[in-house]
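The values are calculated or read from the model by the stated rules, or taken from the named source; none is laboratory data. Model, not experiment: these values are computed from the prediction. No Cβ is skipped: glycine too gets one built from the backbone with ideal geometry, and neighbour counts run over all protein chains shown. Note: accessible area is taken over every heavy atom of the protein model, side chains too, but ligands, DNA and RNA are not part of it. Shrake-Rupley method; radii C 1.70, N 1.55, O 1.52, S 1.80 Å.
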Amino acid sequence: MQPSPTHRASFSMGSEIAARRIVDVLTEMFFEDDAAIAAFEQPNGQWDVALHFANAPDRAWLRELVATSAGNEIADTLAFDTVEARDWVKSSLEDLVPVPAGRFVVHGSHDRDRVAPNKLAIEIEAALAFGTGHHGTTRGCLLLLDHVLKSTRPGRVLDLGTGTGVLGIAAAKALHRAVLASDIDPASVKVAAENALLNEVGHHVRVIRATGFAAADFGRCGPFDLVLANILANPLRQLAGPMTRHLAPGGRVILSGLLTPQVPAVIAAYRARGLVPLKHLRIEGWSSLLLRKMG
């Protein structure tokens, strides 16, 4: 059966950093099945940002969203057309080159043979950049995880808001022990579990559907020595209390999904509950934090 054409919205800009940051912001606005979003460099140095939809998007709403994230001048150049589904999927996968993050390398199946044998390979197929390692927040988490593992081997690990499962898979591969992963989205729970099996850590990574810490599994599996939470600033601030209660004394938390100006408020929320910041990484306009619970 011939694949159905997909609907595309696209615009161009001159800065790679700005293009990738806008991709990050737009990615946060859509569920996994709603849109595929990517940025590609052109020979003239311009960056094209493309959004692909299975169904025609609301053009006025999308133009307003681009205006909010990129400015009115960029939004005015937003163009709409249709393309064959197989073309952009193939192109997106080819442009997702392996991404190193300390001892970890995140890659697609097409690059399986390009990963050095001394690295921990994490294979993730994705239509979206978010959660593949190409997103600055995911890479920041992996780099901080690598940093933590150089000095300690946490026994109880939680990947909160797991998405594609990349962080839980990374922890399981490095530690060879059980990891609890959770997500509010049932589609993400399914994808994360499948990716854990693909990466041969399905016996270590258990994925559950849960909102925040509202599941008995957190009490049974905790308190945690390490929590990985790549979510967004407001939910992370709201979770500071329950996060602290489910963290073991001396336990560490890696937080991401933060725009750099949001960092002080998030640090303040956790410092008020006895967590102190140890490290702050900035990648492509996004921040990732490592904090430790005192006592």
Residue in region 133-160 that is nearest to residue 251 (Cα to Cα), counting only those that are touching a Gly at 6+ places or on another chain (Cβ under 8 Å) and open to solvent by 20 Å² or more (accessible area, probe 1.4 Å):
156
Here are the criteria: (1) in contact (Cβ under 8 Å) with a residue 24 or more places away in the chain; (2) closer than 23 Å to residue 140 by Cβ. Tell me which single one residue 271 does not satisfy.
(1)
Only one of these is part of a helix (DSSP H, G or I), open to solvent by 20 Å² or more (accessible area, probe 1.4 Å) and in contact (Cβ under 8 Å) with a residue 24 or more places away in the chain: 196, 187, 174. Name it.
187
Do you know which residues across region 55-67 are over 22 Å from the mean Cα position of the chain (by Cα) and of a type outside the set (D, E, K, R)?
55, 56, 57, 60, 61, 62, 67
All but one of (1) at pLDDT 95 or above; (2) closer than 21 Å to residue 157 by Cα hold for residue 295; which doesn't?
(1)
Residue list for region 260-295, restricted to those being polar (S, T, N, Q) and surrounded by 19 or more Cβ atoms within 10 Å (Cβ to Cβ)
287, 288
Flag for residue 208 being modelled with pLDDT under 95 and either crowded, with 19+ Cβ neighbours inside 10 Å or of a type in the set (Val, Ile, Thr) (or both)
no
Tell me which of these residue 257 doesn't satisfy, since it passes every other one: (1) within 19 Å of residue 140 (Cα to Cα); (2) modelled with pLDDT under 90; (3) open to solvent by 10 Å² or more (accessible area, probe 1.4 Å).
(3)
Could you say whether any residue in region 73-86 is part of a helix (DSSP H, G or I), modelled with pLDDT under 85, under 30 Å from residue 170 (Cβ atoms) and basic (Lys, Arg)?
no
Could you list, in sequence order, the residues of region 54-63 that are surrounded by 13 or more Cβ atoms within 10 Å (Cβ to Cβ) and either charged (D, E, K, R) or not in a loop (DSSP other than H, G, I, E, B) (or both)?
62, 63
Does region 232-253 contain any residue that is open to solvent by 40 Å² or more (accessible area, probe 1.4 Å), modelled with pLDDT of 95 or more and on the phi > 0 side of the Ramachandran plot?
no
Name every residue in region 207-218 that is of a type outside the set (Val, Ile, Thr) and touching an Asp or Glu at 6+ places or on another chain (Cβ under 8 Å), in order of residue number.
209, 210
